[in-house]
Amino acid sequence: MNVPTVLLAGGRWRYFQVPLGSFQALHNSCYRKKSTAPKEIIPNVAFGDENTKESGNALDKLFSSEQQATILHVLNTASNKELDAFRLLRGRQSISIIEHREKFGPFQNLESLINVPLFQYKSAIQVCNAILCPETEGKKKLQDNRVLRKLIKPEIERERLKALNSIVSIVFGTRRVAWAHVDHKLAVLDWQQNECCQLMKGTYTSSVYLKEISSVISKIPKADFYVLEKIGLSVQNSSLFPVVLHFHIMEAMFYALLNKTFAQDGQHHVLSMKRNAVGRHFELMISDTRTSGKEIVKQLLAESVLKEEPRIFFPSDKIVRYRQTFASTEKYRAEELYDSLLQAIAFYELVFDSEP
């Protein structure tokens, strides 16, 4: 017996008469036995509902009583090092759990996880899934390395990154260079910008670039790594060629002048981080275009004073100066200054937490 069947052939949908036995064999070949592995919960929450009490109650309903007991046992007994072994619980997240546990006592239910700084409804579900379905060491290492390769160039051993004390995030434009010196605890040690008015004038004189960039580097504090913003401008657009050439010259000079010991030890201390990766991290991308991060920086400055656990820490003796610096940019665009701070935050949150 033949069954009329619609199949795609030659780029068009066509009718064919297919024997019933062949159709049943095709159906059986596509059948897969149901997996017995723990099912990962996929969050389904409307925008704006992430911090509501209803979301917290819904969190408990997503997991069985046995699963809840397993998750709570880990949250209440695991050390900082043990928590750090779980995906999404590396770095500041594990510290926040320990501090919340010491301050308020053991977690009584999964809903209370949302009260921990840096956690929301969606991220809490991801953490619970990570605890229930821990990765093997090999898979975790492979995933970490894949994330690092996507984010930064050249490739750096994870051990070197974990051992760092501070980075300087550097963003340069056509007339300005800005940097943010941030330590591994996400405390801002220095944040400023420098005008470079002689760049992109005349015929890109090498001596002018050397003089301007050397002057900037003399003001930049020492750090374990220097992270440069990598802008992906198309070389096919001939009108952008002067700007592309400028950025390549700037990047090459920073690599040469900041990698002072490369000839002796072969170790890179200057890295490049994709601009759009930072934009996606802070949800600043509209299609392929990145929007201004000014409002996010303004919010970060406010939270450093109002919140007990801000996303980034501004020392009390410098917060006034930093807020004055930000206020002075209200009259003109200072995207390099904003982006240098956002890039430093994204570097720590993406590289150290290694979220896929």
Open item on the list: Checking the table 103/318; 61/185; 162/201 against a 32 Å threshold on Cα-Cα, which pairs fail?
Closed with: 61/185; 162/201
Task: Where labels lie 7 Å past Cα in the beta-carbon direction, separation of residue 115 and residue 319 in nm - done: 2.4
- [ ] Subtracting the Cα-Cα distance from 0.36 nm times the residue separation, let me have the gained length for residue 261 to residue 236 in nm, one decimal.
- [x] 5.4 nm
Task: Centroid-to-centroid separation of the stretch 86-126 and the stretch 212-267 [C-alpha atoms, Å] - done: 39
Open item on the list: What distance in nm lies between label points placed 7 Å from Cα along the C-beta direction at residue 175 and residue 203?
Closed with: 2.5
Task: More than 14 angstrom apart: percent of Cα pairs within the stretch 254-324 - done: 71
Open item on the list: Given points 7 Å out from each Cα along the Cα-Cβ axis, report the residue 99 to residue 289 separation in nanometres with one decimal.
Closed with: 3.9
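Since every read-out is calculated from the coordinates, none of them should be taken as a lab result. Here the structure is a predicted model, which means the values were calculated and not measured. Positions of Cβ are generated from backbone atoms using ideal geometry, with glycine treated the same way; all protein chains shown enter the neighbour counts.
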